[in-house]
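What follows is a single structure, written as structure tokens, with notes after it.
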Amino acid sequence: MKKMKLNQNYKHIVKLLLDSRHLKTNDFYQSLDKLIFRLIGHKLFTLMVIDQSGKYVERVYSNNKKIYPLLGTKPIPANEWTKRVLIEKKEFLGSNYKQIKKFFFDHETIKSLGCGSIINLPVINNKKVLGTLNILHKENYYNKNNLKEVRDFAQLLSPYFISHQINMKKK
């Protein structure tokens, strides 16, 4: 059964790659958002790109633009989350609000959206973290199986994040 699920995910990945030839950047982001929603569900889905200086991240996609607008920036905190995700290049799974509160300054906003669990996936290219794919849902919703199910989708964002970083330099 696990092998069948894995094969199905790779079919989704190949389809997204093939579709990307004809999609504008935001349309690709929306397709990925919808696919991950169908696979594991979420209340909030955002994509963040790290600027070349490594001092801040910029939001390039949000399924809730009213609360988390596009091109909003956040400083990169010096904490264990940063060490794990941006330096060690590992995923982060926070299954409850207590874990979110510990690492995210906007934890109250996150809670107000009914979110209490989070998956952060680093987008990596050439051994460098370019940004993160962030998925949030109600408390105790996500687990290690959810993480494994969506882990590989983050890498599809690499060319889009590289392009965005180039444009960030021009600002």
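The values are calculated or read from the model by the stated rules, or taken from the named source; none is laboratory data. All of these numbers come straight from a predicted model, not from anything done at the bench. Here Cβ is always computed from backbone atoms with ideal geometry, including for glycine, and neighbour counts include all displayed protein chains. Ligands, DNA and RNA are stripped out before the accessible areas are found, and what is left, the full protein with its side chains, is counted by its heavy atoms. Shrake-Rupley method; radii C 1.70, N 1.55, O 1.52, S 1.80 Å.
A few notes on this one:
- Residue 108 contributes an accessible area of around 130 Å² to the protein surface, as traced by a 1.4 Å probe with all chains present.
- Checking the Cα-Cα distances for 34/74; 98/127; 65/90; 83/144 against a 23 Å cut-off, the pairs over it are 34/74; 98/127; 65/90.
- Charging the Cβ of each Asp and Glu at -1 and of each Lys and Arg at +1, and nothing else, the dipole of the range 82-133 about its Cα centre rounds to 240 debye.
- Descending semi-axes in whole angstrom, ellipsoid equivalent of the chain, from the Cα gyration tensor: 22, 21, 15
- Filtered trypsin sites (Lys or Arg not before Pro), the range 26-87: DSSP coil and at most 16 other beta carbons within 10 Å: 55, 65, 66
- Dipole orientation for the chain: of the candidates 85, 73, 126, 126 has the Cα lying most toward the positive pole (charges on Cβ; Lys, Arg +1; Asp, Glu -1).
- Over the chain, accessible surface divided per residue gives 57 Å², non-protein components excluded, 1.4 Å probe.
- For the chain, a Gaussian network of Cα nodes joined below 10 Å ranks 158, 117, 53 by mean-square fluctuation, and the top entry is 53.
- When a 1.4 Å probe is rolled over the protein heavy atoms, the share of accessible surface on the chain that falls to carbon and sulfur comes to 54 percent.
- Taking all protein chains together and rolling a 1.4 Å probe, residue 10 ends up with roughly 100 Å² accessible.
- Contact order relative to length of the range 59-147, as percent, for alpha carbon pairs under 8 angstrom and 6 or more apart: 24 percent
- Aspartates and glutamates with Cα under 19 Å of residue 128, excluding same-chain neighbours fewer than 8 positions away: 51, 58, 80, 88, 91, 152
- Across all C-alpha atoms in the range 41-92, the radius of gyration and Dmax reach 11.8, 33 Å.
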